[in-house]
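To start, the structure itself, in structure tokens.
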Amino acid sequence: MSKKVAVLITDEFEDSEFTSPAESYKGAGFEVITIEKQAGNVVKGKQGEAEVTIDRGIDEVSPAEFDALLLPGGHSPDALRGDDRFVAFTKEFVASGKPIFAICHGPQLLISANGVRGRKMTSVKAIAIDLINAGADFHDKEVVVDDDKLVTSRTPDDLPAFNRESLRILEAI
């Protein structure tokens, strides 16, 4: 049975921050399941390069079903953290100790879920101060791995390192 990666995503996600990891994970034999408000919705990337048909609605999933969580950046994480269901899902995922992969603005959901205090992390510069204020141990590097449970990166330029480290962790679980 293949390992399942949950992806919390909505409109205005950063196209490559979803497509690149998703292709990488699928290529390694993992199942990538997109989650938004309702299954069948079509969400669009902010660059206009990617459209994603949502696999599952947030009300029909539980973190227990998945082996890891991907939080792509763009405006998607900020929109999702306004919905308590996505924050609760993220909070439960953090509590489970399962791996989480967040890039660019992805950590915004982790901040809202009180999941960053004491964790080594990075992000896009615009939210670095938010991570610091929420108690993260911030490092401005292409990829930061905390306890082999949390992988964070800054921008699409960091995707090779982000994909490498998240795949390494997926293959070990």
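May I ask you to derive the FRET efficiency for ASN41 and GLU92 from their Cβ-Cβ distance with R0 = 22 Å, giving the value to the nearest 0.05? Working shown, then result.
Details: r = 22 Å, r/R0 = 1.01.
With R0 = 22 Å, the Cβ-Cβ based efficiency is 0.50.
Residue separation of LYS141 and ASP67 scaled by 0.36 nm, minus their Cα-Cα distance, works out to 24.1 nm of gained length.
Report for the chain the percent antiparallel among DSSP-assigned beta bridges with both residues inside it, nearest 5. Roughly 30 percent of the beta bridges in the chain run antiparallel, per DSSP.
The amide H of ARG119, built 1.01 Å from its N in the peptide plane, has ASP137 as neighbours under 5 Å, considering only residues 5 or more places off or on other chains.
Histogrammed with a bin width of 10 Å, the alpha carbon distances of the range 4-157 distribute as 12, 47, 36, 5 percent, first bin at zero.
Counting only DSSP H runs of at least 4 residues, each contributing -39500 (n - 2.57), and dividing by the residue count of the chain, the helix-based mean residue ellipticity at 222 nm comes to -9500 deg cm²/dmol.
If each residue of separation counts as 0.36 nm, what is the full-extension length gain between ALA28 and ASP130 once their alpha-carbon separation is subtracted?
Extra length available between ALA28 and ASP130 comes to 33.4 nm.
Relative to one another, the C-alpha centroids of the range 1-28 and the range 133-167 are positioned 16 Å apart.
Taken together, the values in this text are just the output of simple stated rules run on the coordinates, not laboratory data. The shown structure was predicted, so the numbers you read here are calculated from the model rather than taken from an experiment. No Cβ is skipped: glycine too gets one built from the backbone with ideal geometry, and neighbour counts run over all protein chains shown.
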